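Nothing in this text is a laboratory measurement; each read-out follows from the coordinates by a stated rule. Computed from a prediction, not measured in an experiment: that's the story for all the values here. Glycine also receives a Cβ, built like all others from the backbone with ideal geometry; neighbour counts cover every protein chain displayed.
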Amino acid sequence: MTHLLRGKQAGIQHDLSAGITPELFAIDDVMRYGINSQVSCLAYDPVQSILAVGTKSSQFGTGQIYLFGQSRVQVTLPLSARGASVHTLQFCADKLICLDTKNDLSVYSLELKKLLASHAIPGAVTAICSDPMLDYAMLGLQTGEVLAYDLDRENLAPFRIKNTWQEVDPRARVSAVVSLQFHPRDIGTLLIGYTHGAAIFSFKLNKPLRFFQYEVPRGAPGGDGDPTATNTARRPRLTQAVWHPTGTFIMTGHEDSSIVFWDTIKDGRMLMARTLTDTNIATPGSGSARPGQGMFSVKEPLFRMAWCANQDPEDTAILIAGGQSTQSPTKGLTLFEMGRTPVYATTSWEAFTNYFNSPKRQRILPTPVGAEVIDFCLIPRSTPHFSGAHDPLAVIALLSSGELLTLSFPSGMPISPTNQLHVSLTFVHPYIRRIGVAQVDRERWLGMTERRQQGPLLLKGGAESTRPMRRFESRNIVQTVHGDGTLRLWDIGHGDEVENQKAIQVDIGRAVGHFDNVEVTATSLAGESGELAVGLRSGELVVFRWGTNKHPGRDATPSRDNQPGALTSVIDRVEPSLTEGLVPATLLDARNGPVKTAKMSDVGFVAAGFEGGKIAIIDMRGPAVIHMGDVQEFSRGHSKGGIRRRPSSAAGSKPEWATQMEFSIMMLDGEDYSSILLHVGTNLGHLATFKIVPDPSGRYTVQFAGSVSLDNKIISISPITAESGKPAYASQVAMGNLGSGLRVNGTLVVATPTSVHIFRPATAKGAHKSFDNIFCDAASVVRYQDQGRAFVALFGDGSARAYTIPALREINVVRAGDFLDVRRFGEAVITPTGNILGFTGPSELALIDVWGTGQPLPRSQDAIFNPQALIPPRPTISTVQWVTGTQYITPLDMDILIGGPDRPPSKRMVAQARADEEQRRQAGRSTTAPAAGGNDEGYWAYMQRQLNERTEKLGIVGDSMDSLSENSANWVSDVNKFVNQQKRNAVTGIFKAKFGL
């Protein structure tokens with residue numbers, strides 16, 4: 001009986017939910033966007049052009065690995081150990097190596113997108129090193145030992161390097177390995193960084209070649225410049241050791257922020273010890289901090305160092321994270337542009353010292369204020385060699401907060417992640433703050449593709465899987481607001497094929513005229529007109545329209561300041577890099593506190609409510625402010641026919657402001673014609689309706705139609721038609737039919753935290769239902785295909801509930817808290833099609849569908865590995881190293897040295913051998929007929945023949961070198977004989993001339 005009464009009270013004669021049964025209300029987990037937890041590390045593969053991101057385990061999500069490629073290509077890999085965080089990631093050919101915080105080494109296949117093997121390493125792993133040409137990963141332990149893990153056999157290899165630092169200082173306590181790096185040109189040489197110093201190890205000789213120990217003598221300031229410690233000799237602990245791109249020098253970083261350069265070819269001497277600002281810090285009596293000079297500044301630790309090479313490896317630069325003074329006003333990455341390395345054979349030690357003392361150029365790549373770079377990932381153009389530091393075009397910095405920052409290299413200019421990185425990475429670039437969702441027509445969204453100046457793409461790998469196409473549905477366009485005042489619009493889809501995958505970027509700070517205190521509090525996108533309204537905490541409301549930049553590529557002249565209480569034209573505050581897109585149109589600075597809500601209509605009107613209580617309505621046809629009122633005006637004089645009236649004393653004792661706004665076109669109660677209406681709900685439960693009517697002057701005016709008082713804060717307003725339940729929003733079609741006498745019999749479905757109400761505006765009595773013992777956080781009217789509509793809401797107990805319209809009878813209850821963060825239900829958005837977009841953590845969104853069948857999150861079918869992308873050959877040793885006697889070791893030699901002679905060929909070697917054999921056979925067919933029995937040669941016979949040929953070639957090379965040496969000696973002897981003969985002839989000629997012979 002109650003259900004029938006509610007229908008009559010609401011003015012709805014039909015059951016709008018007749019075709020919806022309880023089993024239809026079930027949740028499908030459709031998609032995830034963003035990063036589930038704080039970012040811990042990064043890795044980039046220039047061959048595949050993909051980026052790997054590892055996260056920490058936290059209350060918001062478990063540690064996992066994200067792989068990102070071009071456009072929307074994304075693959076997620078779980079960790080093998082429960083509760084572990086990703087510590088280190090490295091690409092190695094077709095594999096991804098992961099070391100987690102529980103000391104498990106995991107190997108993933110990029111082609112199969114799954115875990116191949118996981119190994120618990122005996123001992124604490126403190127460093128890891130791999131090379132794309134090897135099937136091994138070198139593991140440095142806390143004990144100082146170095147192990148080799150066979151990536152192909154998926155177990156530890158028999159090869160082991162003992163703690164070689166014991167040869168330097170047998171009395172030293174445990175010296176852990178802190179860094180490992182293969183020689184950039186000689187893969188048979190490994191640089192090992194211990195806490196007490198560095199060592200160069202030769203795989204061929206199976207012994208260390210040279211040791212490097214940094215000692216600050218007495219009287220020298222050292223890296224920290226502590227005047228109290230200058231009277232003693234110190235040996236700061238080493239934190240990192242890296243090769244010069246040619247291998248002629250190494251650079252070591254130490255815990256006192258010292259940066260030390262060493263020679264590796266001749267005697268291993270120290271060439272220069274310096275910090276980012278001071279030089280010769282290991283020389284007594286030098287440096288900026290001497291005894292008696294008073295206070296010294298504390299420096300940051302050296303988080304990361306990389307010795308980068310341009311296209312020519314002799315032309316280098318050094319990129320350093322950390323090491324700056326804590327009192328430095330400018331923070332960021334430090335770049336030493338060293339220029340071309342002096343020729344080693346003809347340069348004196350003094351010249352090398354001056355080279356490292358005075359870089360060609362030194363500057364700071366700036367980062368946001370208060371941000372500290374703790375790690376970075378270089379983006380090379382093509383090759384993974386040189387430790388991933390060859391010819392980088394950009395660098396992605398990891399901040400201590402877990403946010404990312406992309407900079408161009410070497411200029412250090414900020415690179416926007418929009419349409420450069422996957423949209424999920426924009427959630428931490430910087431952190432996402434709030435979201436909004438709008439329904440945009442498919443054809444309209446396909447035409448909204450901005451044109452902007454942009455550099456080369458950073459991620460070009462991977463291939464998207466084929467998804468179903470929904471051509472006749474409107475697109476879910478999400479608006480994401482970020483901490484730097486940037487707003488991005490992109491299609492989140494329905495779990496289907498996204499045709500327009502490009503994002504649209506809006507610079508709010510430039511539009512409002514200031515870049516400080518740019519915090520967006522409200523956004524609204526009109527789906528038909530494509531106009532965008534943005535409200536800020538600083539009190540400005542700015543409207544964007546689709547347009548073109550009249551002066552692309554350059555900043556326009558500064559416009560006038562914002563006019564208080566009036567509209568200001570901001571069409572000249574457009575980004576210089578933008579050619580076509582959303583450009584600022586007008587701005588309203590009401591000076592009435594932060595903007596609490598904003599609504600952009602499809603019919604040219606925009607409304608905003610401010611914390612001070614004002615309500616502004618703007619007609620964009622002028623533009624002009626057509627109404628500026630206050631919520632107190634209608635809250636004091638609401639109709640006596642209101643629903644659940646609140647006593648005026650209670651309403652007047654608290655400040656009141658608008659919380660929800662919605663435009664509609666329908667008939668008011670008691671009228672027989674439709675009008676453009678604006679419904680305004682407040683935090684105290686008042687809901688007012690305004691009529692927007694044309695004026696004889698050609699403009700529009702606003703008339704107050706009435707108000708009602710509900711029982712709590714208004715959180716949702718949904719105008720629907722009484723006959724079908726279809727939305728009664730103010731659309732362009734409906735507005736065009738107003739002149740022909742359009743009559744829309746509409747009602748409002750209004751939700752508060754404690755109840756839902758259905759009534760005809762502005763003041764009619766209606767039906768309501770109270771929620772017992774639970775609070776509603778978000779609500780909307782949604783449709784299920786063409787079978788009906790229901791009222792769907794999210795509640796504080798983690799549930800999602802569906803109710804019939806108009807009877808408000810409960811259809812079903814499901815658990816939405818298993819997919820979304822219950823604490824942020826109030827920020828979730830329920831779309832008219834039944835999709836719910838909400839936060840699962842600080843930087844991740846989940847898209848779920850309430851009209852599903854209980855399906856879990858589908859596994860990504862995107863391809864991340866391209867087998868056609870070949871790894872370029874590894875660089876070889878330099879001429880200087882060859883002349884000085886360095887013996888070149890090939891990757892095949894390393895397989896024998898590390899794996900032993902009994903190790904079968906790896907899978908990659910077998911595949912390469914088969915490919916070479918097939919190529920040889922095809923070449924044989926194209927020239928001459930194959931020899932008898934040639935086709936019967938097996939794989940092992942082929943490998944034996946290759947080994948014999950290799951040995952024979954090595955013998956031939958040795959004989960050739962011996963012959964060359966012999967020929968050189970004979971040539972020198974002949975030259976000497978010729979010179980002596982010429983001398984004798986000259987003397988004989990003199991005597992003959994003197995005596996007239």
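The convex hull around the C-alpha trace of segment 712-843, projected and averaged over every direction, spans 9.3 square nanometres. Inter-part distance, segment 71-120 to segment 393-413, computed on C-alpha centroids, equals 24 Å. Each Lys or Arg adds one and each Asp or Glu subtracts one; over the other residues with Cβ under 14 Å from the Cβ of ASP496, this totals -1. Here, segment 1-155 yields an orientationally averaged convex hull projection of 14.8 nm² when only Cα atoms define the hull. Residues with beta-carbon under 12 Å from that of ARG743, excluding ARG743: net charge, scoring Lys, Arg +1 and Asp, Glu -1? It works out to a net charge of -3. Placing unit charges on the Cβ atoms of the charged side chains and taking the dipole of the chain about its Cα centre, the candidate lying farthest along the positive direction among LEU710, CYS776, ILE250 is ILE250. Between helix 939-994 and the chain, what is the angle of the helix's C-alpha long axis to the longest principal axis, kept within 0 to 90° and rounded to the nearest 10? Its long axis makes an angle of about 50 degrees. All C-alpha to C-alpha distances of segment 36-120, sorted into 10 Å bins beginning at zero, yield P(r) values of 19, 57, 23, 1 percent in whole numbers. The trypsin sites (Lys or Arg not before Pro) of segment 144-195 that meet both conditions, a loop assignment by DSSP and at most 13 other Cβ atoms within 10 Å of the site Cβ, are LYS162, ARG171, ARG173.
Could you state the angle between the C-alpha long axis of helix 907-927 and the longest principal axis of the C-alpha atoms of the chain, as a value from 0 to 90 degrees rounded to the nearest 10? Taking Cα atoms only, the helix is inclined about 70 degrees. When the trypsin sites (Lys or Arg not before Pro) in segment 678-762 are filtered for DSSP coil states and for at most 14 other beta-carbon atoms within 10 Å of their beta-carbon, the remaining sites are ARG699, ARG743. Charge dipole of the chain (Cα centre as origin; +1 on each Lys and Arg Cβ, -1 on each Asp and Glu Cβ, all else neutral): 1000 debye, rounded to the nearest 20. In this calculation the C-beta distance from LEU892 to GLN861 is compared with R0 = 30 Å, giving a FRET efficiency of 0.25. What the Cβ-Cβ distance of GLN213 and ASN354 gives, at R0 = 35 Å and to the nearest 0.05, is a FRET efficiency of 0.90.
Around the Cα centre of segment 36-120, unit charges on the Cβ atoms of Lys, Arg, Asp and Glu (plus for the first two, minus for the last two) sum to a dipole of about 220 debye.
With a ≥ b ≥ c the root eigenvalues of the C-alpha gyration tensor of segment 171-243, is it rounded (a/c under 1.5), prolate (a/b larger than b/c) or oblate? Prolate.
For the chain, the 222 nm mean residue ellipticity estimated from helices alone, with every DSSP H stretch of n ≥ 4 adding -39500 (n - 2.57) and the total spread over all residues, rounds to -4500 deg cm²/dmol.
Farthest toward the positive end of the dipole of the chain, out of TYR355, GLY83, GLY19, is the Cα of TYR355, where the dipole comes from beta carbon charges about the Cα centre. Between MET469 and SER577, the simple spin-label model (points 7 angstrom out along Cα→Cβ) gives 3.2 nm. Of PHE159, PHE336, PRO552, which is farthest on the positive side of the dipole of the chain, counting Cα position, with +1 on Lys and Arg Cβ, -1 on Asp and Glu Cβ, and the Cα centre as origin? Selected residue: PHE336.
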